[in-house]
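See below for the structure under consideration.
The values are calculated or read from the model by the stated rules, or taken from the named source; none is laboratory data. As the structure is a prediction and not an experimental result, all values here were calculated from the model. Note: ideal-geometry Cβ built from the backbone for every residue, glycine included; neighbour counts use all protein chains shown.
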Amino acid sequence: MKRSKELLVQWQYNILLQIKARGERHWQLIAGVIGIMLLCLTAVLSSPVSAASRTYKVLSTSENVIWGELFKPDSRPILRVKSGDRIIMQTVSHEGILPDQGDTVAFFAQGGIPQNTKSAISKSQILPDQTRVKAAVKKTGPGPHVITGPVYVEGAQPGDVLEIKTIGIDYRSPYGVISNRHSKGALPNEYPINNAPVYSKVIAIDARREVGIFQLENNLPPLEIPLRPFIGLMGVVPANREEAANSIPPGNYGGNVDIQLLGRGSSLYLPVQVPGALFYSGDPHCAQGNGEVALTAIECSLTPTFELIVHKNMKRNTPMGETKDAWIAIGLDKDLDEAMKKSVREYLDIASEKYGMTKQDALLFGSAAIDFDVSQVVDIVKGIHGTIPKQLFRELKQGKRLQ
């Protein structure tokens with residue numbers, strides 16, 4: 001860089017001499033213009049130079065997805081990217097193609113189970129990738145999810161942290177599905193009523209207004225659900241193959257965390273467990289309430305855009321989330337009380353590491369100012385997340401100290 005600056009100065013000097021030699025007329029003005037141009041060029045050359053990031057598109061073809069389980073450490077990557085690259089990744093919803101929902105075309109034509117023709121979706125409206133997955137992809141695990149991936153991130157090694165930044169989310173189909181199944185959900189063995197094996201409702205999606213149309217079964221007018229799309233399942237491959245056998249339970253590798261705050265503009269931080277991280281995503285949601293009490297959210301096929309960033313000096317053993325306005329302290333455990341403890345401990349770590357608070361003070365402060373919510377109670381491993389508004393710590397962020 002120093003040599004480049006020396007050459008620019010010499011070049012500028014030579015040009016000035018040539019201009020002056022050819023005549024005094026207007027040479028000061030011309031030289032001044034050239035000088036400004038060279039100054040700008042010098043500034044550009046002096047700026048830090050980084051390799052330009054690239055954007056890739058991953059299609060949800062049968063070759064790029066698996067069904068029912070997570071990817072393994074020896075799974076073949078479908079794409080290799082560098083830290084900072086972006087991926088436009090198609091995802092496919094499993095609702096409407098599961099065995100207990102029968103023929104997919106008939107299921108959507110009758111508006112779900114039981115029939116509700118107000119919610120009917122025609123054959124031409126069904127996302128082709130859903131029917132192709134059902135026809136061509138073998139269900140190899142007990143989970144319901146169709147998962148796209150894996151993507152190898154160059155330079156990612158165990159001990160690093162992969163940041164999954166959700167840049168944007170686009171809708172793929174004009175419908176979603178909410179389902180409740182017997183012995184599952186927050187009220188197992190109570191619902192669906194009459195011991196029905198499944199109760200599924202098709203939800204029309206108005207992408208322009210970002211609302212879902214919920215048609216009631218007893219002739220009441222429909223209700224509108226505001227859409228808050230997010231990807232329920234984002235993860236890295238677990239080092240332990242047994243943890244990858246079922247797509248349902250989340251873990252330190254991320255996976256099916258089902259946190260509604262992880263939508264557009266959010267980041268999920270995961271500890272890398274295998275070389276290349278092997279990122280994947282699935283379980284797309286149009287909207288979900290905290291708890292996900294019936295069993296599912298509005299399950300709908302989406303196309304998210306992710307930016308994948310490798311952090312070498314960030315030490316994490318568990319998942320953590322972030323939005324523009326808040327940190328998300330994630331606790332996961334089969335026991336909801338234990339999940340709560342893990343979420344609170346994560347909040348204490350955030351308050352201590354990012355803002356310098358003692359953990360004892362942070363505990364008292366959190367008791368008055370931080371909300372902890374149930375993410376979901378339906379994924380075998382239950383979730384609690386604490387939402388930590390950054391604005392609350394604005395004085396500490398400014399580094400102010402009492403004298």
Self-check item: The lone exception for H182 - which of (1) out of contact with any Asp or Glu (no Cβ under 6 Å at 6 or more places or on another chain); (2) at negative phi; (3) modelled with pLDDT of 95 or more it fails
Solution: (3)
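Only one of these is farther than 18 Å from P250 by Cα, without any contact (Cβ under 8 Å) to a residue 40 or more places away in the chain and of a type outside the set (A, V, I, L, M): K324, K354, K341. Name it. Full working, then the answer.
Details: K324 fails: without any contact (Cβ under 8 Å) to a residue 40 or more places away in the chain; K341 fails: farther than 18 Å from P250 by Cα.
One residue alone meets the criteria, K354.
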Quiz item: Here are some residues: Q101, Q115. Which one is touching a residue at least 60 places away in the same chain (Cβ under 8 Å) and closer than 28 Å to V378 by Cα?
Solution: Q101
Quiz item: Only one of (1) surrounded by fewer than 21 Cβ atoms within 10 Å (Cβ to Cβ); (2) within 30 Å of T323 (Cβ to Cβ) fails for A244. Which number is that?
Solution: (1)
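Scan region 162-191 for residues that are outside any strand (DSSP E or B), of a type outside the set (S, T, Y) and in contact (Cβ under 8 Å) with a residue 12 or more places away in the chain and jot them down. Let's see the steps before the verdict.
Narrowing region 162-191 to residues outside any strand (DSSP E or B): 172-174, 182-191.
Imposing the further condition that a residue be of a type outside the set (S, T, Y) reduces the set to 172, 174, 182, 184-190.
Once the filter is applied, which keeps residues that are outside any strand (DSSP E or B), of a type outside the set (S, T, Y) and in contact (Cβ under 8 Å) with a residue 12 or more places away in the chain, region 162-191 yields R172, P174, H182, K184, G185, A186, L187.
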Quiz item: Mind checking which pairs have a first residue in region 246-264 that is at positive phi and a second that is outside any loop (DSSP other than H, G, I, E, B) and at pLDDT 95 or above, Cβ under 6 Å, 6 or more apart or different chains?
Solution: G254/M234; G254/G235; G254/L270; G255/L233; G255/G235; D258/G232; D258/S375; D258/Q376
Quiz item: Any idea which of (1) in a helix (DSSP H, G or I); (2) in contact (Cβ under 8 Å) with a residue 60 or more places away in the chain is the one N194 doesn't satisfy?
Solution: (2)
Practice problem: For region 380-387, indicate whether the set of residues that are under 23 Å from E243 (Cα atoms), touching a strand residue (DSSP E or B) at 6+ places or on another chain (Cβ under 7 Å) and of a type in the set (S, T, Y) is non-empty. | Solution: no
Quiz item: Can you tell which of Y191, Y269 is on the phi < 0 side of the Ramachandran plot, buried (at least 21 other Cβ atoms within 10 Å of the Cβ) and touching a strand residue (DSSP E or B) at 6+ places or on another chain (Cβ under 6 Å)?
Solution: Y269
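Residue-wise test of (1) outside any strand (DSSP E or B); (2) more than 14 Å from T305 (Cβ to Cβ); (3) at pLDDT 95 or above.
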| site | (1), (2), (3) |
| --- | --- |
| A43 | yes, yes, no |
| V49 | yes, yes, no |
| L70 | yes, yes, yes |
| I88 | no, no, yes |
Quiz item: Y199 versus (1) more than 21 Å from the chain's Cα centre (by Cα); (2) more than 26 Å from A106 (Cα to Cα); (3) among the aromatic types (F, W, Y): which is the lone unmet condition?
Solution: (2)
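Conditions (1) closer than 30 Å to G212 by Cβ; (2) part of a loop (DSSP other than H, G, I, E, B), marked per residue:
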| site | (1), (2) |
| --- | --- |
| V92 | yes, yes |
| F108 | yes, no |
| D129 | yes, no |
| G155 | no, yes |
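Kindly provide the set of residues from region 90-108 that are among the aliphatic types (A, V, I, L, M) and either at pLDDT below 95 or out of contact with any Ser or Thr (no Cβ under 7 Å at 6 or more places or on another chain) (or both), ordered by number. Outline the logic, then answer.
Residues of region 90-108 that are among the aliphatic types (A, V, I, L, M), as a first pass: 92, 97-98, 105-106.
Answer for region 90-108, where residues must be among the aliphatic types (A, V, I, L, M) and either at pLDDT below 95 or out of contact with any Ser or Thr (no Cβ under 7 Å at 6 or more places or on another chain) (or both): L98, V105, A106.
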Quiz item: In this structure, does V153 turn out to be surrounded by 14 or more Cβ atoms within 10 Å (Cβ to Cβ), within 21 Å of the chain's Cα centre (by Cα) and in the same structural domain as G84 (by TED's automatic domain parsing)?
Solution: yes
